[in-house]
Amino acid sequence: MLARVRAAAVLGIDAYLVDVETDIANGLPSFTTVGLPQGAVKEGRERVGAAVANSDFSFPLKRITVNLAPADVRKDGSAFDLPIALGILAATEQLEGGGAVGRSGGLPDGGSNEPPTRRSAEPPSLADYVVIGELGLEGEVRPVRGALPIALAAKVDGLRGVIVPVQNLAEAGVVDGIEVLGAGSLAEVAAYFGTGRPLRRAAVDRRALFRGAVREDVDLAEIRGQEHAKRALEVGAAGAHNVLMIGPPGSGKTMLARRLPTILPEMTLEESLETTKIHSVAGMLPPGASLVTVRPFRAPHHTISDAGLIGGGSHPRPGEVSLAHGGVLFLDELPEFRKNVLEVLRQPLEDGFVTISRAVTSLCYPARFMLAAAMNPCKCGFWGDPGRPCVCGPLEVERYLSRISGPLLDRIDIHVEVPAVPHKELSCERSGEPSAEVRERVNQARHRQLERFAGQPGLFANAHMAPKDLKRFCRVSQQADALLKTAISRLKLSARAYHRVLKIARTIADLAGSAAIEPVHVSEAVQYRSLDRSVG
């Protein structure tokens, strides 16, 4: 007999539907899976056989052929266990009556307490649902990666609903307009399709997830002094500009970077969905989590490989730049990263996405993040510090700075010096401005940018403007234009650095509520190119 169950797989961060066709015929007992199954999919036949038998069903001793269509796309992961088992039960007519609930019919740890669905007047059809889940040997359904993009794909395809493991119920439940059900065991799913016995239904209030979705463990007010650096972070957050902080050890660069997410604007639903898809595919979502509503902060160690930073591997996965999508990627001790690792940052910094090409496929991962980097001015860290002598010679300083290429520096908008904090400021009891007040100004500046870029696809902040957009959106007064020309000639700015200065000036004008870019805005923007001044 032949049965068909709808399943899904993930390619990149998006999902596509897969037809699991199960044929059971007379002959010597065998279990064959075709349709380019890889790794865990091939091993699934052992889990499926044990789960069916241990759930009080009969496993057929016949020739079983499972086809995963489309057959020309590789299938990875363990999410096909449950649909394959259902296909076997449907083909052997064991779904009638639903089977016994068995030992694993209860709610496993981490399950949902939401009310179950109502008992249907007649059992639902397998053709109306996408079913995913990994099976344990006793028949329990275990969580899988990519539940959110799979639920979105089921909605786009016009299906009635999706059945996921109960641990993935909150994640998939954020998709509205589709029925999202959670299963704890194979027996529960069989009973649902056999007799209409209810499953748990997702009930997620998306608006409630965003209430209070800000980091409260750290605050900008905890940092004494460094007002110039705080202002630079505010400008960077307001326009999504990349920031490089240069200063001696212990000056507070890491503290500043870790508080940067607290002044970033709140995430929109679209940003949250895309960021959650990335974390779901990478297996980074905590059990029972729904949406990523707090902007990510990723701080990889300088020993990371280029594949770990940008993504890839034999089975491509998102890297740190994609996990930081919508948030902050912090690279501490920037010159200590290997040069080939830093150079792969060029594409995501410029384009906002990463393309990973392999022999069998090419994947694209979103990677629009705000880069915050920190470095010492020299190898010993005290070049230019009036309080401590530097032991590095001029050649050593030049060699240390040359570890960061010019093209990469051009892609970092703001270069800010972070000097050592005097004892007078450290011992001061007066706290600085809290993150909430700075974030309010950043939100207002971002709202002005969103209004300005309305109808412009891919433009959400000033840092995202292409050269063709500068003439349209960066109106410069005559006096400001004269000052800009002087700065270009004296600092010998590249064309890319010139565009960066214009974007920063536009952000500073937005923070001030000015429609045009004035000389004071250009003057402050030029100050944020300290490495250009040192070279010039």
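The values are calculated or read from the model by the stated rules, or taken from the named source; none is laboratory data. Since the model is a prediction, treat every value here as computed from it, not as a measurement. Note that each Cβ is placed from the backbone with ideal geometry, even for glycine, and that neighbours are counted across all protein chains shown.
Numbers for the structure displayed
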{"quantity": "Residue that is within 28 Å of TYR365 (Cα to Cα), touching a residue at least 12 places away in the same chain (Cβ under 8 Å), within 27 Å of the chain's Cα centre (by Cα) and surrounded by 24 or more Cβ atoms within 10 Å (Cβ to Cβ), where the choices are LEU233, LEU273", "calculated": "LEU233"}
{"quantity": "Selection within segment 447-465 - exposed (fewer than 11 other Cβ atoms within 10 Å of the Cβ) and either on the phi < 0 side of the Ramachandran plot or at pLDDT 90 or above (or both)", "calculated": "GLU451, ALA454, PRO457"}
{"quantity": "Only one of ILE24, ILE13 that is in contact with a helix residue (DSSP H, G or I) (Cβ under 8 Å, 6 or more places away or on another chain) and within 29 Å of LEU152 (Cβ to Cβ)", "calculated": "ILE13"}
{"quantity": "Residue check for PHE57: buried (at least 22 other Cβ atoms within 10 Å of the Cβ) and of a type in the set (Phe, Trp, Tyr)", "calculated": "yes"}
{"quantity": "Qualifying residue in segment 513-522 (condition: over 26 Å from ARG439 (Cβ atoms) and of a type in the set (Gly, Ala, Ser))", "calculated": "no"}
{"quantity": "Only listed residue being acidic (Asp, Glu) and free of Cβ contacts under 8 Å to residues at least 60 places away in the same chain, chosen from ASP14, ASP23, ASP19", "calculated": "ASP19"}
{"quantity": "Residue in segment 478-528 that is farthest from ARG231 (Cα to Cα), counting only those that are within 32 Å of the chain's Cα centre (by Cα) and of a type in the set (D, E, K, R)", "calculated": "ARG496"}
{"quantity": "Conditions (1) part of a helix (DSSP H, G or I); (2) without any contact (Cβ under 8 Å) to a residue 60 or more places away in the chain: number failed by TYR192", "calculated": "(2)"}
{"quantity": "Where a residue in segment 363-377 is closer than 13 Å to LEU233 by Cα and its partner, wherever it lies, is part of a strand (DSSP E or B), with Cβ under 6 Å and at least six apart", "calculated": "MET370/VAL328; LEU371/LEU329; ALA372/VAL243; ALA372/VAL328; ALA372/PHE330; ALA373/LEU244; ALA373/LEU331; ALA374/MET245"}
{"quantity": "Residue within segment 247-265 that is polar (S, T, N, Q), farther than 22 Å from ALA445 by Cβ, part of a helix (DSSP H, G or I) and out of contact with any Lys or Arg (no Cβ under 6 Å at 6 or more places or on another chain) present", "calculated": "yes"}
{"quantity": "Subset of segment 296-315 (residues that are part of a loop (DSSP other than H, G, I, E, B) and within 15 Å of the chain's Cα centre (by Cα))", "calculated": "PRO296, ALA299, PRO300"}
{"quantity": "ARG490 being over 18 Å from LEU244 (Cβ atoms), out of contact with any helix residue (DSSP H, G or I) (no Cβ under 6 Å at 6 or more places or on another chain), free of Cβ contacts under 8 Å to residues at least 24 places away in the same chain and among the basic types (Lys, Arg)", "calculated": "no"}
{"quantity": "Count - residues of segment 194-207 that are among the small types (Gly, Ala, Ser) and exposed (fewer than 11 other Cβ atoms within 10 Å of the Cβ)", "calculated": "0"}
{"quantity": "Matching entry among GLY239, GLY312, GLY308 (being buried (at least 21 other Cβ atoms within 10 Å of the Cβ), modelled with pLDDT of 90 or more and out of contact with any Phe, Trp or Tyr (no Cβ under 8 Å at 6 or more places or on another chain))", "calculated": "GLY239"}
